[in-house]
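Worksheet: the structure to be examined is printed underneath.
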């Protein structure tokens with residue numbers, strides 16, 4: 001099977017579906033703040049970052065953890081990465097909406113990283129992640145790194161969008 | 001020695017691309033890059049982890065070389081392709097370019113195999129060509145659609161190439 005289906009349709013698949021649905025609802029309910037191309041790009045950035053990190057960390061040789069039911073790359077594994085997209089969007093949305101000042105960025109990233117490991121703890125309880133040589137402290141470091149990059153990426157995009165069109 | 005030359009190539013081609021005068025808006029390149037990274041990483045997972053058609057050497061240096069080529073070098077090839085694809089509208093130019101760019105991933109993979117970074121198991125070169133036809137098509141279509149959308153949003157002018 002190219003992309004294996006779930007061995008058993010249980011809590012991890014339901015959590016992924018639930019989070020994806022919630023993400024879509026949140027995106028629909030929030031007042032539009034950015035051009036749609038920017039919103040989608042932020043979401044693709046978050047999904048791709050998660051995909052690349054998991055690909056490097058969960059592949060054989062390092063093999064720090066498994067995603068979903070087996071060490072293989074599953075169909076629901078793809079949805080797991082798409083699940084990160086609304087989080088990235090919300091992270092940037094709140095950052096922009098409340099115009100988080102530079103002096104508070106560290107605190108903002110810190111709070112989101114705690115939220116991230118909270119969600120990851122829930123994910124590991126629901127068997128989305130099965131840790132082998134990994135723990136939440138490492139994830140916290142990854143979240144700090146990724147969220148810092150998301151802010152840098154967003155600021156870069158804002159500059160690029162402002163050249164012709166002020167939004 | 002071979003692996004360091006390969007990494008040097010990745011760094012130099014990245015620098016060349018970053019400092020080159022660009023034809024399209026930065027957002028178009030970012031879309032193509034991120035989508036290709038996502039697809040290429042997923043493709044490698046399917047090929048090497050699920051189907052075991054490729055075997056990546058389980059040593060740290062080959063592993064790093066392979067991963068860096070996945071997230072930087074091969075997506076960069078796709079970016080170079082869309083950049084050069086629209087350079088001329090001449091049919092002969094486009095055919096030559098496509099042929100050349102179908103050869104590039106094949107040669108790069110052969111180089112990685114030669115360096116024993118990974119090995120093929122039940123994999124033929126024509127499959128690499130087929131896969132890259134999909135990647136290049138995805139890149140061109142993504143670039144085109146994003147360009148059109150950016151014009152609609154007023155981020156780039158009507159006259160800008162899409």
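Every number in this text was worked out from the coordinates using simple rules, so none of it is lab data. On a predicted model such as this, the values are computed, not experimentally measured, just so you know. Quick reminder, even Gly has a Cβ in these numbers, built from the backbone with ideal geometry, and neighbours come from all protein chains shown.
Run the Debye formula on the Cα coordinates of chain A, all scatterers equal and no solvent, and tell me log10 I(q)/I(0) at q = 0.11, 0.12 1/Å.
-0.48, -0.57
Run the helix sum for chain B: -39,500 (n - 2.57) per DSSP H stretch of 4+ residues, divided by residue count, reported at 222 nm to the nearest 500 deg cm²/dmol.
One gets -23500 deg cm²/dmol as the mean residue ellipticity at 222 nm.
By how many degrees, between 0 and 90 and to the nearest 10, does the Cα long axis of helix A:75-97 differ from the longest principal axis of chain A?
For helix A:75-97, the angle is close to 20 degrees.
For a footprinting-style exposure proxy, rank A:146, A:92, B:141, B:46 by other Cβ within 10 Å, fewest first.
In order of increasing Cβ crowding within 10 Å: B:141, B:46, A:146, A:92.
Mind running the shape call on chain B? Use the C-alpha gyration tensor, a ≥ b ≥ c as the square roots of the eigenvalues: rounded below 1.5 for a/c, prolate if a/b tops b/c, oblate otherwise.
It is prolate, given that a/c is not under 1.5 and a/b is the larger ratio.
List B:145, A:5, B:34 from most exposed to least, where exposure is judged by having the fewest other Cβ atoms within 10 Å.
Exposure proxy ranking, most exposed first: A:5, B:145, B:34.
Using a/c under 1.5 as the rounded threshold, could you call the range B:1-65 rounded, prolate or oblate? The axes a ≥ b ≥ c are square roots of the C-alpha gyration tensor eigenvalues, and prolate needs a/b larger than b/c, oblate otherwise.
Oblate shape, in that a/c is at least 1.5 and b/c is the bigger or equal ratio.
Once the piece of chain linking residue A:149 and residue A:27 is laid out straight, how much longer is it, given 0.36 nm per residue of separation minus the C-alpha distance between them?
41.8 nm
Would you mind ranking B:45, A:113 by Cβ crowding within 10 Å, fewest neighbours first?
Lowest count first: A:113, B:45.
Relative to the longest principal axis of the C-alpha atoms of chain B, give the angle of the C-alpha long axis of helix B:74-85, reported between 0 and 90° and rounded to the nearest 10°.
Helix B:74-85 sits roughly 30 degrees off the main axis of chain B.
If you line up the long axis of helix A:136-162 against the longest principal axis of chain A, both from Cα atoms, how many degrees apart are they, to the nearest 10?
Relative to chain A, helix A:136-162 is tipped by roughly 40 degrees.
Given axes a ≥ b ≥ c from the Cα gyration tensor, I'd like to know whether the protein assembly as shown is rounded (a/c under 1.5), prolate (a/b larger than b/c) or oblate.
It comes out oblate by the Cα gyration axes.
For chain A, set up a GNM with springs between Cα atoms under 10 Å and report which of A:42, A:151, A:94 has the largest fluctuation.
So, out of A:42, A:151, A:94, the one fluctuating most is A:94.
Run the numbers for residue A:125 and residue A:75: contour at 0.36 nm per residue of separation, minus the present Cα-Cα distance, in nm.
16.0 nm
What number, in percent, do you get for the relative contact order of the range A:1-115 if the mean sequence gap of Cα pairs under 8 Å and at least 6 apart is divided by its residue count?
38 percent
Take the alpha carbon atoms of the range A:3-20, find their center, do the same for the range B:33-110, and report the distance between the two centers in whole angstrom.
30 Å
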